[in-house]
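The values are calculated or read from the model by the stated rules, or taken from the named source; none is laboratory data. Keep in mind it's a predicted model, so treat the numbers as computed, not measured. A quick note on method: Cβ atoms are made from the backbone with ideal geometry, for glycine too, and the neighbour counts reach across all protein chains shown. Accessible surface areas use protein heavy atoms only, side chains included; no ligands, DNA or RNA. Shrake-Rupley method; radii C 1.70, N 1.55, O 1.52, S 1.80 Å.
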Amino acid sequence: MKFINLHAQQKRIKQRIDARIQKVLESGAYIMGPEVSELERSLEDFSGAKHCVSCANGTDALQLAIMTLGLEQGDAVFCPSFTFAATAEVVPFFNATVIFVDVDTESYNISADSLLDAIALAHRSGLRPKGLIVVDLFGLPADYDKLEAIAANEGLWVISDSAQAFGASYKGQRSGTFGDITTTSFFPAKPLGCYGDGGALFTNDDAMAEVIQSLRVHGKGDHKYENVRVGLNSRLDTIQAAILLEKMAIFEEEIGLRQEVAARYHARLGACNELSVPIVPDHSISVWAQYTIALDGNLNRQLIQSSMQEVSVPTAVYYAIPLHMQKAYRNDAINAGRLPVTEDLASRVLSLPMHPYLSEEDQDQVVEALIEAVG
Ligand SMILES: *Cc1c(COP(=O)(O)O)cnc(C)c1O
């Protein structure tokens, strides 16, 4: 059994993907070919965002967003510590300070109370609160109404790091429409992944979209060899756009299949006393990038993982070391000792195999192995 089975999906659409790739090879438009803008229009339609600009990966998407929104020395940016490294990584390059925020015990996303505490801490430390990077962890949108209200009150820009949640919704709105700019990643294992690196930004703001388009091609002006600002080289390859177009054709259906897999886990594990299953609020639809349970505090996670591996059930831990405890950040005194929920969750979470094509038999095997291991 595979933790994420990308081959099952490929088998389904291989002929169409092959034909698309062949077409790009024959056209020779390997950089910024017509498939790139075709994909961007398709992502706009799907998400409801006014503008989509593709780029080279999800980390660049965050960097392009920050370059667009502005950041400098003395500024503080708030983001969760319970996330992938890329979320916080770009901030130090602008000589700005990352202030990590604790997460909510149920959603694993930023807690509004902890954000308010972190903003107060920034003021006390002589830093200017400047931006908020919200993460939709494991595919579940954060509580944007609450978080955007706090950000508006403080004059913070908001980036929605939706690398794990493109396709998810919150109060009837899809990922891509939250914050000033939403970023996502097409890393192969994400819910919408290509066959290499890829990413995109979304915004409803015309001026920002124009700046992002310029920044991703060396700060170009009206044409390629006129540079009006310092930018990057961060384009999505035409071949990856072509692959994504075929994946978009089945994405809606796959989101539905992910709901079925999650519902089956919920039905079989929801009553188990030794663990808690993920809870999705009524107003949200998760895209289930991960199905992540939290084990009871007195269970030994490593033993559980190895006993499941013995019966060929793979599991993974996202994230065992939260960012504020990583070597890269652990000397930042401002982040020490403030994130009890993050530290507790990091020691107890366990992600189970999850993808749209997970069969009922395989799922039964996961559940049996888990119940046996915790029992
Ligand atoms: C994967 C991921 C990214 C970065 O995406 P890449 O395409 O790998 O650069 C950023 N943030 C989060 C939360 C992610 O999971």
In a Gaussian network model of the chain with springs linking alpha carbons closer than 10 Å, the residue among 79, 272, 194 that fluctuates most is 272
Violations at 26 Å Cα threshold for listed pairs 50/171; 171/220; 2/50; 2/146; 50/146; 130/190 -> 171/220; 2/50; 2/146; 130/190
Simple spin-label estimate for residue 326/residue 300, 7 Å along Cα→Cβ, in nm, reads 2.9 nm
Contour minus Cα-Cα span, residue 149 to residue 271, at 0.36 nm per residue, comes to 40.4 nm
The alpha-carbon center of segment 217-275 and that of segment 153-174 are separated, in whole Å, by 14 Å
Per the rule of 0.36 nm per residue minus the C-alpha distance, extending residue 260 to residue 171 adds in nm 30.0 nm
Only helices counted: for the chain, with every DSSP H run of 4 or more residues adding -39500 (n - 2.57) and the sum spread over all residues, [θ] at 222 nm is -13000 deg cm²/dmol
Phi angles of segment 274-291, converted by Karplus (6.51 cos²θ - 1.76 cosθ + 1.60, θ = phi - 60°) into ³J(HN,Hα) in whole Hz with x for Gly and Pro, give 7, 8, 10, 8, x, 10, 10, x, 3, 8, 10, 10, 7, 9, 6, 4, 9, 10
Scoring segment 250-296 by relative contact order with C-alpha pairs under 8 Å, at least six apart, yields a percentage of 41 percent
For the pair residue 344 and residue 364, the simple spin-label estimate (label points 7 Å beyond Cα toward Cβ) gives in nm 3.7 nm
Per the 1/(1 + (r/R0)^6) rule, R0 = 41 Å and r from the Cβ atoms of residue 225 and residue 123, FRET efficiency to 0.05 is 0.35
Note on the chain: contact order normalised by length, alpha-carbon pairs under 8 Å, 6 or more apart, percent, works out to 21 percent
Two pseudo-spin positions, 7 Å from Cα along C-beta at residue 38 and at residue 2, lie apart in nanometres by 2.6 nm
So the carbon and sulfur contribution to the accessible area of the chain, 1.4 Å probe, in percent, is 49 percent
Scan of the chain for GluC sites (Glu not before Pro) in DSSP loops with at most 15 other beta-carbon atoms within 10 Å gives a longest site-free stretch of 227-375
For 224, 11, the accessible-area ranking with a 1.4 Å probe, largest leading, is 11, 224
Hydrodynamic calc, segment 100-168: Kirkwood Rh from Cα pairs, then Stokes-Einstein at 10 °C with viscosity 1.306 mPa s, so D in µm² s⁻¹ is 129 µm²/s
Note: the chain, point scatterers on Cα, Debye, no solvent; log10 I/I(0) at q = 0.13, 0.15 Å⁻¹ equals -1.07, -1.35
Per the Kirkwood formula over distinct C-alpha pairs, the hydrodynamic radius of segment 36-188 in angstrom is 15.4 Å
Expressed per residue, the solvent accessible area of the chain in Å² (1.4 Å probe) is about 43 Å²
